[in-house]
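The values are calculated or read from the model by the stated rules, or taken from the named source; none is laboratory data. Please read all numbers here as calculations on a predicted model, not as lab measurements. Note that each Cβ is placed from the backbone with ideal geometry, even for glycine, and that neighbours are counted across all protein chains shown. Note: areas computed on protein heavy atoms with side chains; ligands, DNA, RNA excluded. Shrake-Rupley method; radii C 1.70, N 1.55, O 1.52, S 1.80 Å.
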Amino acid sequence: MGFLRIRTTVDERPGRLASLASALAAKGGNILGLSVQPDSDGTVDEFIADIPASADDVRVALEEAGGRRVRVVPATAHELTDEPTRVLLLAARLRAMPWRLPEILGDLLRVDDARWVFGAVKGELPDPTLLVVPVAPRRSIRLRRTGLPFTMTEAARAAALVRLAQPPADPVSAERDLTLADGTEVQVKSLAPIYREAVRDLHERCSPETRRFRYFTSSPSLPPRVFDRLCDRSKGHSLVAGYDGQVVALASLNFGAEPGTAEVTLLVEDRWQGRGLGAALTRMLLEEARDLGLAEVRATLLSDNARMRSLLISLGATLGYTDDPGVVEARIAVGVLAPVVPA
């Protein structure tokens with residue numbers, strides 16, 4: 001018998017986890033720990049199991065049960081500790097010794113190597129066993145772990161721990177002034193029912209193409225039920241940007257059905273496009289997603305929406321096509337957003 005850490009990617013379909021568990025049971029495995037993490041192309045299921053079968057036998061069994069990129073590495077009894085308790089102990093250690101951040105991040109993700117990186121991080125070929133966690137504008141921590149690639153959820157966990165080591169941020173008001181590159185000031189507020197008429201007017205002022213890019217239809221009105229949902233803080237958070245008594249942009253972060261994910265949407269009046277307003281609102285929502293501990297933010301857009309594609313790529317998104325050739329999905333790993341703390 002031996003302890004194994006088993007990780008596999010599966011399609012997001014009902015019954016997949018049950019199939020994997022049955023495959024392990026058929027090999028005489030006793031599941032002692034389980035973690036489910038959203039990732040870029042599916043869900044990553046991780047098991048700690050006491051199992052007599054060899055690593056190769058386990059890998060083949062899980063692949064036959066629908067698993068992809070199955071990784072099996074030895075584990076120890078030490079890894080059976082209660083995960084929330086372990087993380088809380090690491091957080092307490094970090095509060096007492098913040099200068100040991102790389103070491104503690106390494107313990108959090110059980111890496112082989114953790115070290116500081118100073119200066120701008122140069123682009124490298126994609127390496128799933130390498131994770132660079134921003135700490136300040138020119139300071140990062142590079143983590144490497146052979147055998148088990150990092151997931152987006154782990155990147156979000158690392159970013160959350162890094163924030164614990166940083167000085168407290170000034171509280172952000174629900175209302176704030178935003179200065180655009182051309183010096184124009186707009187006021188950003190949380191969406192509330194009192195803006196119903198102003199949001200309706202925003203949609204009427206937008207061109208049919210702008211509405212098509214946002215809703216995949218050029219309908220000039222926003223259904224009341226959709227507006228009510230955008231105001232519901234249990235389902236997400238929406239921001240409006242106002243200027244001279246008018247709402248000129250609406251940006252929303254909508255919680256997804258899959259844990260750890262959300263979708264971002266954006267509508268900017270035509271005459272305000274290309275001035276940095278959409279990018280600023282989107283980054284505000286991404287920072288909020290990071291504060292909420294989300295692993296990934298997604299956006300679905302028409303393939304001919306060049307402006308939105310460019311905006312999302314500038315914020316670190318990767319793009320992929322969907323079953324519809326005219327629709328693109330953008331995915332942003334929240335845990336690797338550039339930090340907002342000063343150097």
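At 7 Å along Cα-to-Cβ for each site, give me the label-to-label distance between residue 32 and residue 92 in nm.
2.3
Compute the relative contact order of the chain as a whole-number percentage, counting only Cα pairs closer than 8 Å that sit 6 or more residues apart in sequence. List each step's numbers first, then the result.
On the way: 623 pairs, mean separation 49.1, N = 343.
It comes to 14 percent, rounded to a whole number.
Which sequence of 34, 130 reflects their accessible areas, 1.4 Å probe, from the largest down?
Details: 34 95, 130 30 Å².
Ranked list, largest accessible area first: 34, 130.
Which three semi-axes in whole Å describe the equivalent ellipsoid of the range 202-304, each the square root of 5 times a Cα gyration tensor eigenvalue, listed largest first? Kindly include the intermediate steps, with their values, before the conclusion.
Numbers: eigenvalues 99, 46, 39 Å².
Working through the eigenvalues yields semi-axes of 22, 15, 14 Å.
For the range 69-82, take each phi angle, set θ = phi - 60°, evaluate the Karplus expression 6.51 cos²θ - 1.76 cosθ + 1.60, and give the result in whole Hz per residue in order, putting x for glycine and proline.
6, 6, 10, 10, 10, x, 10, 10, 4, 4, 6, 8, 4, 4
Would you mind putting 287-293, 245-251 in packing order, based on average other-beta-carbon counts within 10 Å, highest first? Could you put the intermediate results ahead of the total?
Details: 287-293: 17.7, 245-251: 19.4.
Listed from highest to lowest mean packing, they are 245-251, 287-293.
Send over the Kirkwood Rh of the range 1-86, from the inverse of the averaged 1/r over different Cα pairs, rounded to one decimal Å. Intermediate values should be presented prior to the final figure.
Numbers: mean 1/r = 0.0779 Å⁻¹.
Answer for the range 1-86: a Kirkwood hydrodynamic radius of 12.8 Å.
Where the accessible area of the chain is counted over protein heavy atoms with a 1.4 Å probe, how much of it, in %, is carbon and sulfur? Intermediate results must be reported in sequence, preceding the final value.
On the way: 9410 of 17200 Å².
Percent of accessible area from carbon and sulfur atoms in the chain: 55.
Taking every pair of Cα atoms in the range 1-145, average 1/r, invert it to obtain the Kirkwood radius, and report Rg/Rh to two decimals. Please report the intermediate quantities before stating the final value.
Values: Rg = 17.4 Å, Rh = 17.0 Å.
Rg/Rh for the range 1-145 comes to 1.02.
Return P(r) of the chain (all Cα-Cα pairs; 20 Å bins starting at 0; whole %; ordered from short to long distances).
27, 52, 20, 1
What whole-number volume per residue, in cubic angstrom, does the convex hull of the C-alpha atoms of the range 36-122 give? Working shown, then result.
On the way: hull volume 13.3 nm³, N = 87.
Per residue, the Cα convex hull of the range 36-122 comes to 153 Å³.
Kindly report the accessible area of the chain per residue (heavy atoms of protein chains, probe 1.4 Å, no ligands, DNA or RNA), in Å². Could you put the intermediate results ahead of the total?
On the way: 17200 Å² over 343 residues.
About 50 Å² of surface per residue is accessible.
Nearest 500 deg cm²/dmol is fine: what mean residue ellipticity at 222 nm does the chain get from its DSSP H runs of n ≥ 4 alone, each adding -39,500 (n - 2.57), divided by its residue count?
-9500 deg cm²/dmol
Can you name the helices of the chain, as whole DSSP H runs, whose Cα span along the helix axis is 18 Å or more and whose Kyte-Doolittle mean is not below -0.5?
Details: long enough: 83-96 (20 Å, 0.39); 152-164 (19 Å, 0.73); 277-291 (21 Å, 0.13).
Helix filter hits for the chain: 83-96, 152-164, 277-291.
Which log10 I(q)/I(0) values, to two decimals, does the range 254-340 give at q = 0.13, 0.21, 0.26 Å⁻¹ under the Debye formula with one point per Cα?
Log-scaled intensity ratios, in q order: -0.40, -1.04, -1.41.
Please list, in chain and number order, the residues 5+ apart from residue 327 or on another chain whose amide H is under 5 Å from its amide H, with Hs placed from the backbone.
Here 303, 322 satisfy the definition.
Compute from the Cα atoms of the range 67-117 the Rg and the Dmax, the latter being the longest Cα-Cα distance, and quote both in angstrom.
Reported Rg and Dmax, both Å: 13.4, 41.
Provide the solvent-accessible area of residue 13, counting protein heavy atoms only and rolling a 1.4 Å probe, rounded to the nearest 10 Å².
140
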